[in-house]
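One structure is given below, encoded as structure tokens.
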Amino acid sequence: LVEGANRMKMEQDPRFKHLEALVGAFVIGAFLAIVGAVFYFGTDVDLFGKKYFLRFKSETGTGLSEGMPVKLSGFLIGRIQKITLDDRARVIVRIRIGEEYSKWIRADSVATLLQEGLIGASIIDISVGSPDRPPLEEDQFIPFQEQETVTDIALGLRESVDNVLTEVHKTISYI
């Protein structure tokens, strides 16, 4: 019996000599890569830190999306977690913020929908509150204001130009 096993080892193809070691190394490498990816992406979205939640109301959901960045003083502090409608069809937005940033969000802080640059992505910017005001508690509503968009500015400019052209037309007709 031992002699037959020795013969099988001698007849084994040399290409498969280290196959078990290579498969084991591949499995370990793949496992480490998966753990590394989870850790990398988990820290990127602050998966492992403590969270602080706030909400705000908006008349429209235009420009808002789940996962949208939330910034304070230009620094990424969180993301929009959930967008829903209330009983009156107003948009309720729940934002997830790293708990360590809650000390700067006070009763007089305001959330604003901004566009970074002329054609940049939309973000929610939260203003730093006054130190003498109380901090906002977990899941409280923060005041929200929408900033004028490029489209709003263009429409306002169009109305002004239309008024000027109407006056020019009247003047030319008079002459």
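Residue pairs whose Cβ atoms lie under 6 Å apart, sitting 6 or more positions apart in sequence or on different chains, and linking a residue in the range 160-172 that is of a type in the set (Phe, Trp, Tyr) to a partner that is surrounded by fewer than 10 Cβ atoms within 10 Å (Cβ to Cβ), do not occur here.
Kindly establish whether Lys71 is among the charged types (D, E, K, R), open to solvent by 20 Å² or more (accessible area, probe 1.4 Å), under 22 Å from Pro135 (Cβ atoms) and assigned to a helix (DSSP H, G or I). When the stated conditions are applied, Lys71 does not pass them. Determine whether the range 146-165 contains at least one residue that is surrounded by 13 or more Cβ atoms within 10 Å (Cβ to Cβ) and under 15 Å from Phe56 (Cα atoms). Looking for residues that are surrounded by 13 or more Cβ atoms within 10 Å (Cβ to Cβ) and under 15 Å from Phe56 (Cα atoms), one finds at least one in the range 146-165, hence yes.
Regarding Ile77, is this residue closer than 17 Å to Glu138 by Cβ and among the aliphatic types (A, V, I, L, M)? Yes: the conditions hold for Ile77. Given the condition on the phi > 0 side of the Ramachandran plot, open to solvent by 50 Å² or more (accessible area, probe 1.4 Å), of a type in the set (A, V, I, L, M) and at pLDDT below 90, answer yes or no: does some residue in the range 85-96 qualify? Scanning the range 85-96, I find at least one residue that is on the phi > 0 side of the Ramachandran plot, open to solvent by 50 Å² or more (accessible area, probe 1.4 Å), of a type in the set (A, V, I, L, M) and at pLDDT below 90, so the answer is yes. In this structure, Phe48 qualifies as open to solvent by 70 Å² or more (accessible area, probe 1.4 Å) and at pLDDT below 85.
Checked against the criterion of being in contact (Cβ under 8 Å) with a residue 12 or more places away in the chain, open to solvent by less than 90 Å² (accessible area, probe 1.4 Å), aliphatic (A, V, I, L, M) and closer than 20 Å to Gly63 by Cβ, the range 98-109 has no qualifying residue.
The values are calculated or read from the model by the stated rules, or taken from the named source; none is laboratory data. The shown structure was predicted, so the numbers you read here are calculated from the model rather than taken from an experiment. No Cβ is skipped: glycine too gets one built from the backbone with ideal geometry, and neighbour counts run over all protein chains shown. In case anyone asks, the SASA skips ligands and DNA or RNA and just uses the protein heavy atoms, side chains included. Shrake-Rupley method; radii C 1.70, N 1.55, O 1.52, S 1.80 Å.
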